[in-house]
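> I'd like to ask you about the structure that follows.
The values are calculated or read from the model by the stated rules, or taken from the named source; none is laboratory data. From a predicted model like this one, the values you see are computed outputs, not experimental measurements. Cβ coordinates were reconstructed from backbone atoms using ideal geometry, including for glycine residues, and neighbour counts include every protein chain displayed. Accessible surface is based on the protein model in full, side chains and every heavy atom, while ligands, DNA and RNA are left aside. Shrake-Rupley method; radii C 1.70, N 1.55, O 1.52, S 1.80 Å.
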Amino acid sequence: MIKLTNISKSFGKHEVLHQINLTVEKGEVVVILGPSGSGKTTLLRCINYLEKPNEGQIEIGDFNLDYKQANKKDIHNLRQRSAMVFQHYNLFKHKTVLENVMEGLVVVQKFSTDEAKRKSIEMLEKVGLGTKLDAYPSQLSGGQQQRVGIARALALNPEVILFDEPTSALDPELVGEVLDVIRKIAKEGITMIVVTHEMGFARDVSNHVVFMDEGVIVEEGRPQDIFGAPKEERTKQFLKRITSEWAYSI
Amino acid sequence: MKIDPLFILTALLSLFKALPTTLIITVVSVSMGLIIGSAVALIRIYKVPVLHRIATAYVMFIRGTPMLMHLFLIYFGLPMLIDGISEAWGLPFQSNQIPLIGFVFISFSLTAGAYMSEVIRAGIIAVNRGQIEAAYSVGMTTAQALRRIVLPQALSVCLPNLSNSLIGMLHASTLAFAVSVVDINAQAQIVAANNWKFLESYIAAALLFWGMTVLIERATSRLEKRINNHNRGGVA
């Protein structure tokens, strides 16, 4: 279980997150929706301590941390409990596909090289890249790079995988292959928090939808409720605008 | 006066005597420069309290004054400092136990460190922020992320400039003669003065320096190809 309590974060005077509370059960797939600038990505990055909230607590599994008092060891500990899939993939450019996935296993989790290799190949086969082990990231398409990113996160066996707009930088044609992989691993019962603009995907895959705007959680609930019968006016507006893209008149 | 082409060859042969001196000055100053430079670059990037001000002042002073001046400051200043400390604490060590080339090593390392720190700093800054974030997200510490992810990529960015620094220090090692260390250039001067054939001797020295420079260029371009292997077929 992941529990965020009273997370607040400001960049200078601008408050990006205001007293966020969120609970994610084990095995749940949570989708965070919201307009740009609503703080969804920042919230996700706080879980991995890529941003430091001004205040708040986090609980992941049996680990607790108060952001205000976190020392280096706590931060290191927290980061090992989650893995991030980035919008721009952020694969290690100077390492091959296989090395990218092995890196965390060998360096952080102290697997032997053989064991790390075996596990990495297994993960890469799962995302459909078993034939690209020795390629460098620059030789892959965006969709393939993102699938390596997913394999890298998956191999670490974290408590939660965080997806930060995993398909936003992709060609429309390549979005499908990445979403298919995420769908597949969602079925395996891995806890995931996904920030995305893919509404269809959010609807199919998630157990829990969170709608954020201006740094607060406006509404959350089961996907059929949020998409079918949103209660808040702001949610209705957002969903209407984003799901009726075809309704432009020029 | 006519040029004596054969004497160029004679001079060249006698210049080889001084080749090890030139090489060792270059190798020591560049490798120490690499260590000092990396430390200074990291201190300045991470704004380590107090140290980063010292580092900035060091780079400013060294780049603001000529290399020959650093050599003289160390050559005349360091013995005073060492003897002063020895006397105050009653140590038996005397500055005249330091070989002349030791002053050259110290001063050239300081010079190289300041210039190379800027090259390395540029290289580190050029590595995308996403790379270190990805390293953090797989659970690495800052030290692991720097050593395994950031620095190797920074190296491939700064390699052309580092080879520039290496060539620069090779040529600048000729200044060592100012404190009576006999490098290739100094040896050329000695050969020239003994035989009254200045142009021939200096042509020989120039050829020797040029040859070494070509070797460095070859080696770095080969290294560059190997290090940049990951960019082949490169889009991203």
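> Identify the trypsin sites (Lys or Arg not before Pro) of segment A:155-193 meeting these criteria: DSSP loop state and at most 14 other C-beta atoms within 10 Å of the C-beta.
For trypsin sites (Lys or Arg not before Pro) across segment A:155-193 that sit outside H, G, I, E and B with at most 14 neighbouring Cβ atoms in 10 Å, the list reads A:K187.
> Got a sec? Charge dipole of the protein assembly as shown, +1 on Cβ for Lys and Arg, -1 for Asp and Glu; which of B:F209, A:A169, B:A126 is way out at the positive end?
Result: B:F209.
> Below 18 Å, Cα to Cα, which aspartates and glutamates can A:K236 reach? Residues fewer than 8 away in the same chain don't count.
Here the aspartates and glutamates satisfying the reach criterion relative to A:K236 are A:E198, A:D213, A:E214, A:E219, A:E220, A:D225, A:E245.
> Now for a different question. So what is the accessible area of segment B:1-118 per residue, in Å², with the probe set to 1.4 Å?
Ligands and nucleic acids excluded, the figure is 59 Å² per residue.
> Report the label-to-label distance for A:M1 and B:I24 in nanometres (one decimal), using points 7 Å from each Cα along the Cα→Cβ vector.
Distance between the two pseudo-spin positions: 7.0 nm.
> So which residue, out of B:A135, B:A143, B:A88, gets the largest mean-square fluctuation from a GNM of chain B using Cα contacts under 10 Å as springs?
Of the options given, B:A88 has the highest mean-square fluctuation.
> At q = 0.10, 0.17, 0.23 Å⁻¹, what log₁₀ I(q)/I(0) does a Debye calculation on the Cα points of segment B:145-236 give, no solvent, two decimals?
These q points yield log10 I(q)/I(0) values of -0.43, -0.81, -1.12.
> Further question: For A:K73, go through the lysines and keep the ones whose alpha-carbon is under 23 Å away, minus same-chain ones fewer than eight residues off.
Here the lysines satisfying the reach criterion relative to A:K73 are A:K3, A:K9, A:K52, A:K110, B:K47.
> Next question. Keeping the other protein chains in place, figure out the carbon and sulfur percent of the accessible area of segment B:82-229, with a 1.4 Å probe.
62 percent
> Please compute the alpha carbon radius of gyration of the protein assembly as shown, then divide it by the globular-protein estimate 2.2 N^0.38 Å. Two decimals is fine.
Taking the Cα Rg and dividing by 2.2 N^0.38 Å, one obtains 1.32.
> With a 1.4 Å probe and all protein chains kept in place, how do B:M60, A:M102, A:M1 rank by accessible area, largest first?
B:M60, A:M1, A:M102
> Kindly report, to the nearest 10 Å², the accessible surface of A:S112 as traced by a 1.4 Å probe over protein heavy atoms only.
Counting only protein heavy atoms, the figure is 60 Å².
> Let me ask something additional. Give or take rounding to whole Å, what are the principal axis extents of the alpha carbon atoms in segment A:94-208, in descending order?
Computed over segment A:94-208, the largest-to-smallest principal extents equal 40, 30, 19 Å.
> Sorted from largest to smallest, which semi-axis lengths in Å does the alpha carbon gyration tensor of segment B:82-153 give for its equivalent ellipsoid, taking the root of 5 times each eigenvalue?
Computed over segment B:82-153, the values are 42, 17, 9 Å.
> Between the chain alone and the structure with every protein chain in place, find the residues of segment A:67-82 that drop at least 20 Å² of accessible area; heavy atoms, 1.4 Å probe.
The answer is A:H76, A:R79.
> On a 1.4 Å probe surface of the protein chains, which of B:L91, B:L15 comes out largest in accessible area, and what is the full order?
B:L91, B:L15
> Have a look at A:T23, A:I58, A:V209 and report the one farthest towards the positive end of the charge dipole of the protein assembly as shown, computed about the Cα centre with Cβ charges (Lys/Arg +1, Asp/Glu -1).
Toward the positive end, the furthest listed residue is A:I58.
> For chain B, calculate the relative contact order in percent as a whole number, restricting contacts to Cα pairs under 8 Å that are 6 or more residues apart.
Reported as a whole number, the value is 31 percent.
> What average number of partner chain Cβ atoms lie no more than 10 Å from the Cβ of the residues making up A:235-242?
The per-residue average across the peptide is 0.
> Compactness ratio of segment B:24-81: Cα Rg over 2.2 N^0.38 Å, N = residue count?
Normalised by 2.2 N^0.38 Å, the Cα Rg of segment B:24-81 equals 1.27.
> If you don't mind, there's one more thing I want to ask. Among B:F209, B:F93, B:F105, determine the one that fluctuates most according to a GNM of chain B built with springs between C-alpha atoms less than 10 Å apart.
Of B:F209, B:F93, B:F105, the most mobile in the Gaussian network model is B:F93.
> Moving on. More than 34 Å apart: what percent of Cα pairs in chain A qualify?
For chain A, the share of Cα pairs beyond 34 Å comes to 17 percent.
> Counting other Cβ atoms within 10 Å of each Cβ, which GluC sites (Glu not before Pro) in segment A:144-250 have at most 15 and sit in a DSSP loop?
A:E188, A:E214, A:E232
> Now for a separate question. Expressed as a whole percentage, what fraction of the accessible surface of chain A belongs to carbon and sulfur atoms when a 1.4 Å probe is rolled over the protein heavy atoms?
Here it works out to 46 percent.
> From zero outward in steps of 5 Å, how is the percent of C-alpha pairs of segment A:1-68 spread across the bins?
4, 16, 30, 27, 16, 6, 2, 0
> Of the residues B:R121, B:R63, B:R148, which exhibits the maximal mean-square fluctuation in a Gaussian network model of chain B defined by a 10 Å Cα contact cut-off?
The residue that fluctuates most here is B:R148.
> Counting other Cβ atoms within 10 Å of each Cβ, which trypsin sites (Lys or Arg not before Pro) in segment B:156-234 have at most 11 and sit in a DSSP loop?
Those satisfying the criteria are B:R232.
> Only counting protein heavy atoms at a 1.4 Å probe, give the residues of segment A:137-153, ordered by number, whose accessible area falls by 30 Å² or more when the other protein chains are present relative to the chain alone.
A:S138, A:Q139
> Quick check on segment B:1-147: what does the Kirkwood estimate of hydrodynamic radius come out to from the alpha carbon pairs, in Å?
For segment B:1-147, the Kirkwood estimate is 18.7 Å.
> With label points built 7 Å along Cα→Cβ from the Cα atoms of A:D204 and B:I125, find their separation and express it in nm.
4.6 nm
> Peptide A:84-94: average number of partner chain Cβ atoms within 10 Å per residue?
Mean inter-chain Cβ contacts per residue within 10 Å come to 6.
> Quick one: compute a quarter of the convex hull surface over the Cα atoms of segment B:69-225 and quote it in nm².
Result: a mean projected hull area of 13.7 nm².
> Any chance you could check segment B:138-152 for residues losing 50 Å² or more of accessible area when the partner protein chains are in, compared with the chain on its own (1.4 Å probe)?
Output list: B:V138, B:G139, B:R148.
> Compute for chains B and A the buried accessible surface, both sides summed, probe 1.4 Å, and express it in Å² to the nearest 100.
Buried area (both sides, nearest 100 Å²): 2200 Å².
> Towards the positive end of the charge dipole of chain B, with charges on Cβ (+1 Lys, Arg; -1 Asp, Glu), say which of B:F108, B:V182, B:S137 has the farthest Cα.
The one lying farthest along the dipole's positive direction is B:S137.
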